[in-house]
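So the structure is just underneath, and the comments pick up after that.
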Amino acid sequence: MSDLELIGPVVRLQVQRRKIKIKGEGYHPEWIANVDRAALVGGGMLGWDGDSWVMDVHHPLYPGGKGRPTRAVSVGFTSHYQAMEGRFGALADGVAGENLIVQTSRSYNPDDVAAGLAVRTAEGDIDLVEPAVARPCPEFTSHLLGLGTVADKEAIADDIAFVDEGIRGYVAAVGSGPMYVSIGDEVYRRTG
């Protein structure tokens, strides 16, 4: 069994109500919804918006969605948003569309999270397994650059490379554990 090292608390939970990237057309962060609570169920995430449960576009049951078991939930870090702000200017935490935003001052590369993550809730731990880099796209990177249109991938290759390797966040499958996540729950990384 691996050891756990604290990364920090969940400071934002969100779902994508619709696809936020439309290939070749643009990036739509207005379709990201902040939620009060989340449920990891059925291979994806639902968010409680105060009135009802909202299904994330990556949930396997979302009509026409992009759900797959290895992408049940996504995680981002406030330190990575600070790095992006240093290059691109002010932006809101969560604009990359991750489901959980975790407060931390440290940056985490793919090797740092390779053994997995865990969310410690009041009911117990939720294992987030097989974390993989959420690869950046020209649509997201063009949005960061403040462009009105989607730039050619080669023209912004250096900017895409900057937000790659985990800066844009990670996607993961959900292992065993309780289903509910709340603001303030702590996220850990497995160290072995």
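Read the figures in this text as sums done on the coordinates, not as results from a lab. Source: prediction; values computed, not measured. Virtual Cβ from ideal backbone geometry, glycine too; neighbours counted across all protein chains shown.
What dipole magnitude, in Debye to the nearest 20, does the chain give about its Cα centre under +1 on Lys/Arg Cβ and -1 on Asp/Glu Cβ?
In total the dipole reaches around 440 debye.
In the Gaussian network model of the chain, springs joining C-alpha atoms below 10 Å, which of Pro29, Pro63, Pro138 carries the largest mean-square fluctuation?
Pro63
Between Arg37 and residues 5 or more places away or on another chain, which pairs have amide H atoms under 5 Å apart, with H built 1.01 Å from N, and which residues are they?
Trp48
Taking only the C-alpha atoms, wrap a convex hull around segment 136-180 and report its volume per residue in Å³ as a whole number.
100
What per residue convex hull volume, in Å³, do the alpha-carbon atoms of segment 86-153 yield?
Considering the Cα atoms of segment 86-153, their hull volume per residue is 126 Å³.
Express in whole angstrom the spacing between the alpha-carbon centres of segment 66-99 and segment 1-37.
The two parts, judged by their Cα centres, are 6 Å apart.
For the charge dipole of segment 4-181, defined by +1 on Lys and Arg C-beta atoms and -1 on Asp and Glu C-beta atoms about the Cα centroid, which residue among Gln16, Leu91, Thr141 has the Cα displaced farthest towards the positive pole?
Gln16
What are the ³J(HN,Hα) couplings of segment 140-156, residue after residue, when phi is run through the Karplus curve with 6.51, -1.76, 1.60 and θ = phi - 60°? Round to Hz, x for glycine and proline.
Per-residue couplings from phi come out as 5, 5, 4, 4, 4, 6, x, 7, x, 10, 7, 6, 4, 3, 5, 5, 10 Hz.
Could you give me the radius of gyration and the Dmax of segment 4-181, taking only the C-alpha atoms into account and expressing both in angstrom?
In order Rg, Dmax, the Cα atoms of segment 4-181 give 15.5, 48 Å.
Given the options His59, His80, His28, state which has the largest fluctuation in a GNM of the chain using a 10 Å cut-off (strictly under) for Cα springs.
Maximum fluctuation in the GNM of the chain, among the listed residues, is at His28.
Can you work out the Karplus-derived ³J(HN,Hα) for every residue in segment 30-46? Use 6.51 cos²θ - 1.76 cosθ + 1.60 with θ = phi - 60°, whole Hz, and x for glycine or proline.
5, 8, 8, 10, 6, 10, 7, 8, 10, 10, 9, 8, x, x, x, 10, 10
Can you give me the angle between helix 78-88 and the longest principal axis of the chain, using Cα atoms only, in degrees from 0 to 90, rounded to the nearest 10?
With both axes taken from Cα atoms, the answer is about 0 degrees.
Gly169's amide H: which non-local residues (gap 5+, or another chain) put their own amide H closer than 5 Å, with H modeled 1.01 Å from N in plane and none for Pro or chain starts?
Ala134
Springs between alpha-carbon atoms under 10 Å, Gaussian network over the chain: tell me which of Arg87, Arg71, Arg120 tops the mean-square fluctuations.
Greatest mean-square fluctuation among the candidates belongs to Arg87.
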